[in-house]
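Contents: one structure, followed by commentary.
The values are calculated or read from the model by the stated rules, or taken from the named source; none is laboratory data. What you are looking at is a predicted structure, and each value in this text was computed from that prediction instead of being measured. Note that we place each Cβ from the backbone using ideal geometry, even for glycine, and neighbour counts take in every protein chain shown.
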Amino acid sequence: MHWLTPLFIAAVLAATALELWLSLRQEFAVRAHRAAVPAPFAASVTPAEHAKAADYTIAKVRLGRVAGIVDAALALALTVGGGIAAIDALWRHTHWPQPWLGLAVIASIALLIQLTNLPLALWRTFRLEARFGFNRITAALYLADLAKGLLLAVLLGGPVLAATLLLMERAGRWWWLWAWGLWLLVMLVMAWAWPAFIAPLFNRFSPLGDQSLRERIEALLARCGFASKGVFVVDNSRRSSHGNAYFTGIGRYKRIVFFDTLLERLAHPEVEAVLAHELGHFRLKHVRKRLLLSVGAAFAGLALLGWLAGQPGFYQALGVPRPSTHAALLLFTLALPAFMFFITPLASRWSRKHEFEADEFASRYASAGELAAALVKLHRDNASTLTPDPVYAAFYYSHPTPLARISRLRAAAPA
């Protein structure tokens, strides 16, 4: 037995066990505090709203446990269980050359994974989210989104995947450098094309019509020295009642996007404070740092794949007796998450640090008190738990816990 086989199996099982343990901690902590609203939120969150958030959180972590077990079982079945090898053997009867053989095998595996996860996705949307009053998407719209996503994957992902397979076949030992360059190019093109051409296929984006709010936002942008291609409202209410705001695009093509559900809930000063926080991520170069990290990670990952693809033992250890470029891609994609899972707390901690820094930026250019008030409303209306387990939060949370974050903002607000 190759040494990688037991190591991979151990990594999958250990990651799944840790995930289940953390999930149980979260459930027990949230249930234990279900009946009592934390004192700092008592004036803004009712006991009924707090209980709803607890029940919603528990329902999500329970579903997450099922999803985690399914993902682990699927990863093992497709690799050491021989799933990829079996599908590869079936498609080889066609005698297709590369990249068509590789595309067929990868598409089959991707479709299998999608179909396996579909029941859980449907349950999450039409049972869990609906039970707590968040789902607004119809079955017709859900199917339309699914069809559009599949079509985009074929039209956009297919050529990129084919080019990668051809590079692996014909570009020699350093193919992964060319693939990295291709990945950078695709990433930049998608960052430009997504807001202008792709996102509008799923949602309607309308210029912000509230003149008073627009003037307030334009004044904030001027204070922060930030240029954008406009402020837009997206019709997220067609799918969910959850609220959010985000930036999209790059360079001169950056856009500010508010969910219509967010604007329905927040007062103008609160919207300004939320936007100031998001602007902080740009002005403090958080977005650039994360982008550079992604570029570096892609470089390291492709370099590792370039080495592994030339090792026959890599394929045999993960259940594929016949090496191929498409098998290398599939095995690497399925095996890597089991090992990367254990660095999740480091990424979460780095993200929380950025969130605190963006809050401080917002406190300087807008109002710490208004940002705190907005966050309380968002936590309340999105049924986010105010009492997470500290270990679970340290491992997973990309944002500081509500108590830590809002207490700091209230302390920074003028008396």
ask   = Is it the case that region 31-52 has a residue that's free of Cβ contacts under 8 Å to residues at least 60 places away in the same chain and in contact with a Gly (Cβ under 8 Å, 6 or more places away or on another chain)?
value = no
message = Restricting to region 393-409, name every residue that is within 15 Å of Pro38 (Cα to Cα) and touching a residue at least 24 places away in the same chain (Cβ under 8 Å).
response = Pro402, Leu403, Arg405, Ile406, Ser407
key: Any helices (runs of 4 or more DSSP H) falling wholly within region 97-205 and containing at least 3 residues that are over 30 Å from Ile87 (Cα atoms) and not hydroxyl-bearing (Ser, Thr, Tyr)   = 139-152, 175-193
query = So is Val234 modelled with pLDDT of 85 or more and either surrounded by 14 or more Cβ atoms within 10 Å (Cβ to Cβ) or of a type outside the set (Val, Ile, Thr) (or both) or not?
reply = yes
message = Suppose the filter is surrounded by fewer than 14 Cβ atoms within 10 Å (Cβ to Cβ), at pLDDT 95 or above and either farther than 17 Å from Trp180 by Cα or β-branched (Val, Ile, Thr) (or both); does Phe314 pass it?
response = no
remark   = Here the qualifying pairs (Cβ atoms under 8 Å; residues six or more apart or on different chains; first in region 240-251 and of a type in the set (A, V, I, L, M); second assigned to a strand (DSSP E or B)) come out as Ala245/Ile256; Ala245/Val257; Ala245/Phe258; Ala245/Phe259
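Checking the condition in a helix (DSSP H, G or I), within 23 Å of Leu122 (Cα to Cα) and either modelled with pLDDT under 95 or not polar (S, T, N, Q) (or both), which residue from Val61, Val30 passes?
Values: Val30 fails: within 23 Å of Leu122 (Cα to Cα).
Step by step, each of Val61, Val30 is checked, and only Val61 is in a helix (DSSP H, G or I), within 23 Å of Leu122 (Cα to Cα) and either modelled with pLDDT under 95 or not polar (S, T, N, Q) (or both).
Looking at Ala48, Ala89, Ala36, Ala73, which one is closer than 27 Å to Ala372 by Cβ, part of a helix (DSSP H, G or I) and either at pLDDT below 95 or aliphatic (A, V, I, L, M) (or both)?
On the way: Ala89 fails: closer than 27 Å to Ala372 by Cβ; Ala36 fails: part of a helix (DSSP H, G or I); Ala73 fails: closer than 27 Å to Ala372 by Cβ.
Of Ala48, Ala89, Ala36, Ala73, the one residue that is closer than 27 Å to Ala372 by Cβ, part of a helix (DSSP H, G or I) and either at pLDDT below 95 or aliphatic (A, V, I, L, M) (or both) is Ala48.
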remark   = The number of residues in region 291-349 that are among the aromatic types (Phe, Trp, Tyr) and within 24 Å of Ile87 (Cα to Cα) is 3
request  = Could you please tell me which pairs satisfy a Cβ distance under 9 Å, a separation of 6+ or placement on different chains, a first residue in region 142-170 that is closer than 26 Å to Arg124 by Cα and of a type in the set (Phe, Trp, Tyr), and a second residue that is surrounded by 15 or more Cβ atoms within 10 Å (Cβ to Cβ) and modelled with pLDDT under 95?
outcome  = Tyr142/Arg239
remark   = So, first residue aromatic (Phe, Trp, Tyr) in region 299-313, second residue assigned to a helix (DSSP H, G or I), Cβ within less than 8 Å, six or more apart or across chains; the pairs are Phe299/Trp180
inquiry  = So the check is Cβ under 6 Å with 6+ separation or different chains; which pairs have a first residue in region 213-229 that's modelled with pLDDT under 90 and outside any helix (DSSP H, G or I) and a second one that's surrounded by 15 or more Cβ atoms within 10 Å (Cβ to Cβ) and of a type in the set (A, V, I, L, M)?
reply    = Phe226/Leu279; Ser228/Ile256
